[in-house]
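Asker: Please find one structure pasted underneath; my questions will follow.
Read-outs: derived from the displayed coordinates by stated rules, not from any lab. Being a predicted model, the structure only gives us computed values, none of them experimental. We place every Cβ from the backbone using ideal geometry, glycine too, and count neighbours over all the protein chains shown.
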Amino acid sequence: MQGARAADLIVEITESAAITDIQAARRFVRSLKLLGLQVASDDFGVGFSSIQHLKHLPADLLKIDGSFRYLTRDAVDRHLVRTLAEAAKRLGLETMAEFVEDGETVRLLKEYGVRYGQGYYFGRPRPVSEVLGDAVPRN
């Protein structure tokens with residue numbers, strides 16, 4: 001994209017992509033960061049080795065998996081999201097929650113220190129050309 005700054009872009013790395021070769025994933029993440037890109041550990045919390053990946057992948061952002069989206073009605077989800085957000089903060093990582101669909105969830109996420117959200121509360125998926133307009137080159 002013309003005019004886009006590398007620092008404004010976030011590349012998401014899923015746990016399943018990194019698990020096959022953690023060293024290769026680590027090198028890849030480092031190369032992205034050298035280009036100035038931010039890196040997010042996506043779908044965090046769904047795999048058994050998620051905590052281990054926090055230790056070995058130099059991500060900037062922890063993207064909390066959408067399976068923890070029932071904050072307004074499930075105490076376990078509330079406790080886990082709060083704990084993940086606190087751990088991320090202590091590690092110097094930003095946090096993002098997936099599947100944010102209502103204002104009460106936004107309120108809880110803010111209370112827990114989750115800075116970013118993704119979901120229908122903020123908007124429905126749209127074509128890149130509609131969102132970025134002329135910034136997207138057309139072939």
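Asker: Treat each spin label as a single point 7 Å out from the Cα along the C-beta direction, and report the Asp74 to Ala4 distance in nm.
Answerer: 3.2 nm
Asker: 7 Å from Cα along Cα→Cβ at both Ser67 and Thr20: what's the point-to-point distance in nm?
Answerer: 2.1 nm
Asker: Given 0.36 nm per residue, what is the gain on full extension from Lys33 to Glu104 after removing their alpha carbon distance, in nm?
Answerer: Here the answer is 22.1 nm.
Asker: When a footprinting reagent is the concern and you count Cβ atoms within 10 Å, what order do Val39, Val11 take, fewest first?
Answerer: Least to most surrounded, the residues fall as Val11, Val39.
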